[in-house]
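A short worksheet on the structure shown next.
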Amino acid sequence: MKAVFMTDRGKVRLHNEDNGGIFINPDGQRLAIVADGMGGHRAGDVASDMTIKHLKGLWEQSSKIHTAEEAEKWLKEAVLEVNKQLFQHSLNNTECEGMGTTVVGAICTNIFATVVNIGDSRCYLLNESGFKQLTEDHSLVNELVRSGQITKEDAENHPRKNVLLRALGTEESVEMDLKTITFEEGDALLLCSDGLSNKVGLEEMESVIKNELSLEEKAAEFIKRANQYGGEDNITLAIVEYQEFNEGR
């Protein structure tokens, strides 16, 4: 298993409110996370920073994940705990009122990957069937697409594209999507904030992730392209590739 995390402020924003990382538990299993914070007066970076620090701390003390059920249970409990912390922090600190963050995370083992998602940060999977988006955006525009009120093409330039229906930390309780997939040699996961997915289309993403570049070069190429297409938002991504010969077994 190989993994890389990279983030960039972009070309317009003064601050980077995205956060994330690749974290390893005592058994060498990886947790990849991307969080895109939001809220006035830089509260967005507080939300995403708190989320990543807390999930990192929990993961680095966790025991080995053996089954998909264990992975889903761990993610659900950890994310609910973080949601409580963020919500309480926003109540206790007026400058953080209304703060929140998206979160997309994946526990990656030698057999499966379990993905959690709240908001519009995304997870994509590359496997023998091709390259596809695994997660559903919890956004107003995606709901309009799903209900047939607008087309996917309309959604690309919709004026309310940034309106989220779900976020971490904005309410006392939160719903999340959990999904487990088979993860095999040659497969790859791409987790990213909308600073990448709003700028680089599916086919272009696929061409970059299939390239013979190193993981670091692929991540840098994604950021370069998002910036070339305007870079109006922070750009953050994590890539996890399953390469069995690197496991040293």
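Here is the figure for segment 62-77: residues that are farther than 16 Å from Ile22 by Cβ and surrounded by fewer than 20 Cβ atoms within 10 Å (Cβ to Cβ) total 11. Criterion applied to Thr170, Thr180, Thr135 was being touching a Phe, Trp or Tyr at 6+ places or on another chain (Cβ under 6 Å) and not basic (Lys, Arg), and the one residue passing it is Thr180. Taking segment 80-99 as the range and being within 14 Å of Asn117 (Cα to Cα) and in contact with a helix residue (DSSP H, G or I) (Cβ under 8 Å, 6 or more places away or on another chain) as the test, only Val82 passes. For segment 103-130, residues that are assigned to a loop (DSSP other than H, G, I, E, B), more than 20 Å from Ala78 (Cβ to Cβ) and of a type outside the set (Val, Ile, Thr) total 4. Just one of the listed residues (Asp194, Asp177, Asp187) is surrounded by 21 or more Cβ atoms within 10 Å (Cβ to Cβ) and on the phi < 0 side of the Ramachandran plot, namely Asp194. Among the conditions (1) within 17 Å of Asp36 (Cβ to Cβ); (2) at pLDDT 95 or above, the only one that Lys161 does not satisfy is (2).
Mind checking which residues of segment 45-61 are open to solvent by 10 Å² or more (accessible area, probe 1.4 Å), over 15 Å from the mean Cα position of the chain (by Cα) and under 15 Å from Ala32 (Cβ atoms)? Residues satisfying the conditions are Leu58, Glu60.
The values are calculated or read from the model by the stated rules, or taken from the named source; none is laboratory data. Nothing here was measured: the structure is a model prediction, and the numbers come from that model. Counting neighbours? That spans all protein chains shown, and the Cβs are built from the backbone with ideal geometry, glycine included. Accessible surface areas use protein heavy atoms only, side chains included; no ligands, DNA or RNA. Shrake-Rupley method; radii C 1.70, N 1.55, O 1.52, S 1.80 Å.
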